Amino acid sequence: MAYTYDDQNIFAKILRGEIPNTTVLETDHALAFRDINAQAPEHVLVIPKGPYVCYDHFALAASDAEIVDFTRAIGQVVQALGVGADGDGYRLLSNAGKDGVQEVPHLHVHIVAGRHMGRMLSPA
Ligand code: DGP
């Protein structure tokens with residue numbers, strides 16, 4: 001399975017500094033910023049800096065250093081938002097491809113929090 005990365009996607013432009021963002025955290029291999037179309041009081045996207053289309057691409061092709069850094073960045077964002085551990089919780093999700101309804105073809109995980117999320121999936 002070949003993954004084709006489009007470097008004109010909006011998150012690639014954010015990483016290049018061509019489009020502004022509200023940064024929550026930046027690490028060596030990851031950037032976390034607020035979603036422009038927040039679905040909850042807290043809605044942060046965490047992306048790797050490398051050119052990965054979706055989660056499986058990243059999981060299969062990224063270096064150990066990138067995977068560790070990205071995973072830790074997610075933990076640090078959850079902690080910074082105050083929703084992990086003894087907090088009220090959050091939802092972590094990553095859409096992929098057509099059926100996953102992925103709009104931006106650069107891996108991102110959504111961290112959404114600050115309200116009750118309801119059931120995980122609603123009918124299509
Ligand atoms: P997804 O369906 O998982 O690919 O969601 C893409 C998300 O990206 C969506 O919640 C809106 C957000 N988004 C799209 N364009 C921008 C942008 O230019 N800036 C920011 N901060 N978020 C964006």
For Glu42, which of the numbered conditions (1) within 19 Å of Leu15 (Cβ to Cβ); (2) surrounded by 16 or more Cβ atoms within 10 Å (Cβ to Cβ); (3) not hydroxyl-bearing (Ser, Thr, Tyr) fails to hold? (1)
Hits in the range 81-94 - residues which are free of Cβ contacts under 8 Å to residues at least 40 places away in the same chain and in a loop (DSSP other than H, G, I, E, B): Gly82, Gly84, Ala85, Asp86, Gly87, Asp88, Gly89
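Listed here are the residues, each with its yes/no results for (1) open to solvent by 50 Å² or more (accessible area, probe 1.4 Å); (2) closer than 19 Å to Tyr5 by Cβ.
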site	(1), (2)
Asn37	yes, no
Tyr52	no, yes
Asp56	yes, yes
Gln76	yes, no
Ala85	yes, no
Going through (1) within 26 Å of Asn9 (Cα to Cα); (2) touching a residue at least 40 places away in the same chain (Cβ under 8 Å); (3) surrounded by fewer than 16 Cβ atoms within 10 Å (Cβ to Cβ); (4) away from the ligand (no atom under 12 Å from the Cβ) one by one, Thr71 fails only at (2)
Could you count how many residues in the range 95-124 are open to solvent by less than 50 Å² (accessible area, probe 1.4 Å), within 15 Å of the ligand (Cβ to nearest atom), farther than 22 Å from Ala59 by Cβ and in a loop (DSSP other than H, G, I, E, B)? 1
Keeping to the range 11-42, report how many residues are within 8 Å of the ligand (Cβ to nearest atom), of a type in the set (S, T, N, Q), touching a residue at least 12 places away in the same chain (Cβ under 8 Å) and out of contact with any Lys or Arg (no Cβ under 6 Å at 6 or more places or on another chain). 2
Taking Ala62, is it touching a residue at least 60 places away in the same chain (Cβ under 8 Å) and not basic (Lys, Arg)? no
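The values are calculated or read from the model by the stated rules, or taken from the named source; none is laboratory data. Predicted model, so just to flag it, every value in this text is computed and none were measured. Backbone-built Cβ (ideal geometry, glycine too); neighbour counts: all protein chains shown. The accessibility values were calculated without ligands, DNA or RNA, using every heavy atom of the protein model including side chains. Shrake-Rupley method; radii C 1.70, N 1.55, O 1.52, S 1.80 Å.
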